[in-house]
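Quick notes on the structure that follows.
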Ligand SMILES: C[S@@+](CC[C@H](N)C(=O)[O-])C[C@H]1O[C@@H](n2cnc3c(N)ncnc32)[C@H](O)[C@@H]1O
């Protein structure tokens, strides 16, 4: 991580009020949101965990289809906005609270995990740890939309902020997901620097170790 977690939280607290209107509102971001929502595809009995939920772009869009949505983030400002939106939409099956990739702070089982445009704040080794943590929660599906590099990073025109963001190559993410016991079932390139990965496990294996035990 190029900046301490507290600094990321403060940075997002500061922009929370304008995030939905001005921050990140690129075609690539919108395409990732749409793909993550489509691939998450929860059923009516599913609990969905949205990690790095921000103002709730993904979690709120899935609430109608899921039994329950749990949003976790390190920025209270971003989650306050998510809670307001949930109230405006009359959603009573969503909950937003403090949690990180390292410690999602979730009780009970989780069926589908989603994360959009959040994991790229972590360094590669931390991303690997985060993916292991997700696998340990035992979901049957993990949908990851993010800044990720399909080719060489272009230092002349990065579509992210290299001083705070630390995107991985798709290869690093794919290896981490398969090492954690997931099968990669879809790879969507939205742009050479943005994409969505879909990782699945057989339902009910109880294999939280990712090595078949
Ligand atoms: C660019 S926003 C994306 C928010 C939302 N997922 C979306 O698609 O609009 C990134 C979010 O990740 C959160 N975040 C950054 N590092 C995190 C970490 N280590 N654990 C949990 N959330 C984190 C930030 O607070 C911020 O709300």
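Please list log₁₀ I(q)/I(0) at q = 0.12, 0.13, 0.15, 0.18 Å⁻¹ for region 73-154, using the Debye equation with identical point scatterers on the alpha-carbon positions. Summing over Cα pairs of region 73-154 leads to -0.43, -0.50, -0.65, -0.90. When peptides 118-127, 9-18 are ranked by their average number of other Cβ atoms within 10 Å per residue, the highest-first order is 118-127, 9-18. Going from the fewest other Cβ atoms within 10 Å to the most, the residues 157, 109 appear in the order 157, 109. From least to most packed, judged by other beta carbons within 10 angstrom and beginning with the fewest, 26, 55 follow the order 26, 55.
Just want to confirm a number: the relative contact order over region 5-201, from Cα pairs under 8 angstrom separated by 6+ residues, in percent.
With pairs under 8 Å counted, the relative contact order is 20 percent.
I'd like the distance between the alpha-carbon centres of region 103-181 and region 26-61, rounded to an integer number of Å. Here the answer is 14 Å between Cα centres.
Looking at region 5-201, the DSSP beta bridges with both ends there are about 40 percent antiparallel. By the Kirkwood approach, averaging reciprocal distances over each pair of separate Cα atoms, the chain gets a hydrodynamic radius of 17.0 Å.
Computed from the coordinates by the stated procedures, all read-outs in this text should not be read as laboratory data. Bear in mind that the values here come from a model prediction, so they are computed numbers and not experimental data. Ideal geometry is used to build each Cβ from the backbone, glycine not excepted, and the neighbour counts take in all protein chains shown.
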